[in-house]
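The values are calculated or read from the model by the stated rules, or taken from the named source; none is laboratory data. Quick caveat, the model's predicted, so the values are computed rather than measured. Using ideal geometry, Cβ is built from the backbone for each residue, glycine included, and neighbour counts are taken over all protein chains shown. Accessible surface areas use protein heavy atoms only, side chains included; no ligands, DNA or RNA. Shrake-Rupley method; radii C 1.70, N 1.55, O 1.52, S 1.80 Å.
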Amino acid sequence: MYDAIFLGGGAGGYVGAVTSASMGLRVAVVERSGVGGMCVNYGCIPTDSALWVTSLQEYGRLLGIPAGEVNLGWKLDRAKGVAGKVNELATEMLEVLGVDLVTGEGSLVDHGVKVAGKIIESKAVVLATGARYDLSRVSRAAEGSVITAREFWDISEVPKGVALIQGGFPSIRGIELAELLSLSGSDVEVIDENSELFPQFDADLMKVLREDLEKRGLRFHMGVKDVSVENNVVNFLESGERRKVEFDKLIPSYAWLPNTEGLGLNALGVQMKDGFVVVDESCRTNLPWLYGVGEVTSAKGATKAMYMGMVAAFNISGHPLKVNQSLLPSGIFTIPQFAYVGMSEELAKRSFGDPIIGMSEVRYNEKAIAIGAEEGLVKLVFSPDGRFLGGGMVSYDAEEMISILSLALRLGAKAEDLALSGYEHASLAESVQAAASSALSRLSS
């Protein structure tokens, strides 16, 4: 009998399995396709690879350096190679740690998983089956025209016209792929049912990001209504006028569906909400032996899935931990990048009435000037007594710099801590210091 079986070897399942095995537990992973799931094989890793090369070209262009011969096909081939390498390393890590990898479709039974007619028993099972794109609203699009992150890496040529449909709380992947295509020569139209870009994030930073994306060719239709797709046309209402956008390729980005079919959840009496598995702060379901992590529980993104995988692993091993999603950053690997952690200004106003805001424009940062990456804004939110509540940035390397703010949030830092900590000169991180100093001056006045 195993100590833990992870049903799904994506971001949450893989990290949870590695963590469990590192603590001496006997572990198995049941995975129907490639280790690493969406993140490694189709999402974070290949997207970051392709956009990183594109960012080198883009910032080089801003400095007047010729773009060279690196085209979209080269980037996609490299991205698939990178994804394959990470997949191999992840599989190797499981083997090194003694984790048994079982390939196949798994379903749940009491204290175990059934694969190919065989029941594998375990003291604990972690459900990490993830989610998939909801394509119901684009079902009438022309055959072969809809591309998600799964199909994107096999594009044979740069499409002339691209439409990105967004709504609700859209996935970040759509805008990343859209920008990559725009910078490769596609005409990209973003058709967004929200009045603001990514309403789940800070409005000031999203305004800056949208302006930067517009500089790179993306055209936005915001707050649209009555969106429908027929063949190669998106129809919608914009400011009361009927509009249409023709496309060669269509990227849907509005909803995900949990991968719960065929798992046997109803038969076991697993508690669900809106189709997603319900878990507590320990990642445990209503069944004491069954845990859930990642997007199958409605927690979006690899960052949350990996974190939840670790929390589940520690709880299974007898070391109680609780999930604290407020400490986890979110990011978008666009050019420039976006990253945020903690409370937004809007939420802080509801909780504290009058938060202290510190901001710094990246164009005043000497390192940004030196490397030609002067776009962006850093924004920090503090309580009236100076406690750091949240913040983020639109900037080159934002997804690296956000770790400063994540640690500050976890340690309960104040404006003085962020303003007076040591920062290497010249560095982009000094933009964080400048924003904190701005807030500190308001607190001191």
- Message: Please list, ordered by residue number, the helices (runs of 4 or more DSSP H) wholly in region 350-445 having 2 or more residues that are small (G, A, S) and surrounded by 17 or more Cβ atoms within 10 Å (Cβ to Cβ).
- Response: 398-410, 415-420, 430-444
- Residues (open to solvent by 30 Å² or more (accessible area, probe 1.4 Å) and either at pLDDT below 95 or in a loop (DSSP other than H, G, I, E, B) (or both)) located in region 312-329: S317, G318, H319, P320, L321, K322, N324, Q325, S326, L327, P329
- Item | Complete set of residues in region 35-78 that are part of a loop (DSSP other than H, G, I, E, B) and over 19 Å from the mean Cα position of the chain (by Cα) | L63, G64, I65, P66, A67, G68, E69, V70, N71
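For (1) open to solvent by less than 10 Å² (accessible area, probe 1.4 Å); (2) among the hydroxyl-bearing types (S, T, Y); (3) under 27 Å from E400 (Cα atoms), each residue gets a yes or a no:
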site	(1), (2), (3)
M1	no, no, no
G9	yes, no, yes
R26	no, no, no
C44	no, no, yes
V70	no, no, yes
G73	no, no, no
A83	yes, no, yes
- Item | Any hit, region 45-55, residues being among the acidic types (D, E), touching a Gly at 6+ places or on another chain (Cβ under 9 Å) and touching a residue at least 12 places away in the same chain (Cβ under 8 Å) | no
- Between a first residue in region 181-207 that is farther than 23 Å from G391 by Cβ and a second residue that is of a type in the set (D, E) and part of a loop (DSSP other than H, G, I, E, B), which pairs have beta carbons less than 9 Å apart while being 6 or more apart in sequence or on different chains? S186/D248
- Task: Could you tell me whether any residue of region 315-325 is under 25 Å from G174 (Cβ atoms) and of a type outside the set (F, W, Y)?
- Result: yes
- Query: Tally time: how many residues in region 341-364 are farther than 11 Å from V378 by Cβ and under 25 Å from the mean Cα position of the chain (by Cα)?
  - Reply: 8
- Can you tell me which residue among Y59, Y2 is of a type in the set (F, W, Y) and either under 21 Å from T103 (Cβ atoms) or at pLDDT 90 or above (or both)? Y2
